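Following: one structure in structure tokens, then a few remarks.
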Amino acid sequence: MAAKDEKEAKPLRHGYTTGACATAATKAALVALITQEPQQQATIRLPIGEDVTFQMERCEFDERKAVTGTIKDGGDDPDATHGALIESRVEWLDEPGIVLDGGIGVGRVTKPGLPVPIGEAAINPVPRKMIRETAQAILDQYEIERGIKIVISVPAGEEIAKKTLNGRLGILGGISILGTRGIVVPFSTSAYKASVAQAINVAKEAGCDHIVLSTGGKSESFGMEMYPELSEEAFVEMGDFVGFALQQCKRKQMKKVTLVGMMGKFSKVAQGVMMVHSKSAPVDFDFLAQMAEEAGAGDELVEQIKGANTASQVGDLMADTPAFFEKMGENCCRAALKEVGGGMEIETMIITMKGSLLGRVTLHDTDDEGDRHRG
């Protein structure tokens, strides 16, 4: 038993960002170009002040250019880019200075609202700074005043990007080169939250004042069917980060937010739980039973709900009691308004696994108990 506990207590291994990998590959490529010697590794300093050595998977060079690549290690973080080859090609320029661009598999920015201007490679500000400063330090070390062009590529980037929100954010053709600290904290929520915040910012820049927040792909598709007049940017997958997404909408002064999701996650929102991951907040069947009782369910049905296995099962049991879903939707709206401190209109749409509507309620922060709109 002790061995099992020790195994469970073993700390999760952190990994390194695409930005850190791109920086290390750039350093190795530039040193290979200058010295004309193969580089099997490169040590760089991360933004958090830690020195890390990266192993190079490839290193090819001639007198004009050098290309190196390192495999991204995401540690114990379930990251779409884990295992990807991050490459840097460095070549001499006639004019002084450092030119940085993205090649194959690195996306291009096509919409406003991102930290990188339209038309440029999706290499975020901190990795840009890391790559440039590291390259400049090497040029200074070898007392070289020639200019260089650095091109970061991710051969599998276009395929990997399909698993990310890049397309919706207007980053086309590949992944983003990211990272503010250099390391990836295992099971960190920061990357996903950052993409949610960016998506809401892109929506704001596109002129949206009504955002449809969904918990996943099916609920997002439902939202799109309900609001065909809204632009693509208005639809944001918030995942489990309900509270965070709502706060971002408030920061961007959205007038209306529509929440779309299923019984499981929204049964938690109705209770005021704003982080709805299954591990951080289990479904409270007593709470669902209480709502069912308030909606007029008989004792037998209430007991069935208390003993249910899933929230979806409760939805099936209450399918003929629309008052239950109205009550739940209203509780979700109230909890959302409380989370943002009012000042906007909140709509909640609860749907089934198969994508049909169970309940739809809209509340304003000025609404009293009776002043609400039901769908």
Of the candidates Gln36, Met349, Ile150, the farthest towards the positive dipole end of the chain (Lys/Arg Cβ +1, Asp/Glu Cβ -1, centred on the Cα centre) is Gln36
Under the helix-only model (-39500 (n - 2.57) for each DSSP H run of 4 or more, divided by the residues of the chain), the mean residue ellipticity at 222 nm, to 500 deg cm²/dmol, is -11000 deg cm²/dmol
Counting only DSSP beta bridges with both partners in the chain, the antiparallel fraction in percent, to the nearest 5, comes to 65
For the pair Thr43 and Asp299, the simple spin-label estimate (label points 7 Å beyond Cα toward Cβ) gives in nm 7.6
Between Asp101 and Ala194, Cβ-based FRET efficiency (R0 25 Å, step 0.05) works out to 0.65
Taking only the alpha-carbon atoms of segment 201-374, the convex hull volume per residue, in cubic angstrom, is 103
Looking only at aspartates and glutamates whose Cα falls under 17 Å of Lys306's and that sit 8 or more positions away or on another chain, we get Asp284, Asp286, Glu293, Glu294, Asp316
The convex hull of the Cα atoms of the chain, divided by residue count, gives a volume in Å³ per residue of 156
Among Lys72/Lys129; Lys129/Lys193; Lys162/Lys255; Lys163/Lys252; Lys129/Lys265; Lys218/Lys338, the pairs whose Cα-Cα distance exceeds 29 Å are Lys162/Lys255; Lys129/Lys265
Counting every C-alpha pair in segment 15-184, the percent lying more than 29 Å apart is 13
Stretched fully, the stretch from Met275 through Asp209 gains (0.36 nm per residue minus C-alpha distance, one decimal, in nm) 21.4 nm
Between Leu172 and Asp286, the two model label points (7 Å from Cα along the beta-carbon direction) sit apart by a distance in nm of 5.4
So, with points 7 Å from each Cα along the Cβ direction, the Gln55-Arg132 label distance in nm works out to 3.3
Yeah, segment 210-272 with a ≥ b ≥ c from its alpha-carbon gyration tensor (a/c under 1.5 is rounded, else prolate when a/b outruns b/c, oblate otherwise) is oblate
Checking rank on 351-358, 38-45, with mean other Cβ inside 10 Å and highest first, the result is 38-45, 351-358
Quick calc, the chain, dipole around Cα centre from Cβ unit charges on Lys, Arg (+) and Asp, Glu (-), nearest 20 debye, gives 560
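Every read-out reported here was derived from the displayed coordinates using simple, explicitly stated rules and does not represent laboratory data. If you're wondering where the values come from, they're calculated on a predicted model, not measured in any experiment. Methodologically, a virtual Cβ is constructed for each residue, glycine included, from the backbone with ideal geometry; neighbour enumeration extends over all protein chains shown.
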